[in-house]
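No value in this document is a laboratory result; all are computed from the given coordinates. Everything quoted here is computed from the prediction, not taken from an experiment.
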Ligand code: ADP
Ligand code: MG
C-alpha cells in the first residue's frame, strides 16, 4: 500500500509544488515508486515543473470522469522510470470534482506505488478539502514570513478535523544569513511556535528558481535529499541553512548577501 501524503500550506507561493516535485524526485532516486498528483485544478503547474507539459494526453479530471484509466493519464519522468506525474487541468469547472472523486483515483493507484504525493492548491476552502480528503499524511510547507506562519497555523488546526495520522512541517526559503543576524526565526523556533514536527528545512536557493533540481551540488539539493530520508527512513536530519554563513568566510558571504 502506498503512503499518501498531501503537500499543503494555506498560503500560495510558499513552495508546495516545489517541495512536492523535489521530494518525489529524491524518493524515486532512492528506488521507490512515486506518483505525484496535481490537484491544483485551474492553477496547476506540476507538469511544467517536471518538464512533461507537452506529454499531457489525459488529466486528473479525465480519470475522474472515466474518460480514461488512471494509468493512461500517468506521465513517466524522462530520466527516472519509477517517477510519474498525474497532471491536472487548466480550464475546468472545478466544483464538479469532489474529494471522493480524487480519493477514488488515489485508491486506483495505491497498489502500483510506494508514495502518492498530492500537490494541494492554496487556500482552505473546497479545493483544499478535495486535496486533503484522500490523504493519510500531510506535510505543511511554511516560509519564515509572518503571513505564511499565520496561514500554516490555520491549516494545522483544520487538519486536526481530517483523518490524517501524521502531520509534519517543512520550512522553505530559509535565509541562513538572516537567522544568524536574528532577523528571522530559526527553523526550530518556527516548529515550536506551530507545535509541529519539523521534517525538513530548505534554503532560499536560486537553483530552485525553475522548481525542480536534478542532480547537482547545491544546498537545496542536499536539503531535499535529507527531507526524503526523513520521510522514508524516519530519520531526523534537518539541513542547517546557516552553515555556509558561519565562520570567517561565512561572515564574508553574509555581508555579500546583504548587498545583493
Ligand atoms: P506554491 O506551489 O506553494 O504556490 P511554488 O512551489 O510554485 O509555490 O513556488 C513559488 C515560486 O517560488 C516558484 O517560482 C519557485 O521556483 C520558487 N521557490 C520555491 N522554493 C524556493 C526556494 N527554496 N528558493 C528559491 N525559490 C524557491
Ligand atoms: Mg503549487
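Quick look at the numbers
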read-out: For the range 3-259, alpha-carbon Rg and Dmax in angstrom; value: 18.0, 61
read-out: Compactness index (Cα Rg / 2.2 N^0.38 Å), the range 1-144; value: 0.93
read-out: Rounded tilt (10° steps) of 219-233 against the dominant C-alpha axis of the chain; value: 60 degrees
read-out: Taking N as its residue count, the alpha carbon Rg of the range 146-260 over 2.2 N^0.38 Å; value: 1.14
read-out: Convex hull projection area averaged over all views, the range 1-57, Cα basis, nm²; value: 4.8 nm²
read-out: The range 88-217 shape via C-alpha gyration tensor axes, a/c threshold 1.5; value: prolate
read-out: Rounded tilt (10° steps) of 247-259 against the dominant C-alpha axis of the chain; value: 70 degrees
read-out: Degrees between helix 146-159 axis and first principal axis of the chain (Cα, 0 to 90, nearest 10); value: 40 degrees
read-out: Most mobile of 214, 175, 130 in a GNM of the chain (Cα contacts under 10 Å); value: 214
read-out: Fluctuation leader among 116, 75, 164 - the chain, Gaussian network, Cα springs under 10 angstrom; value: 164
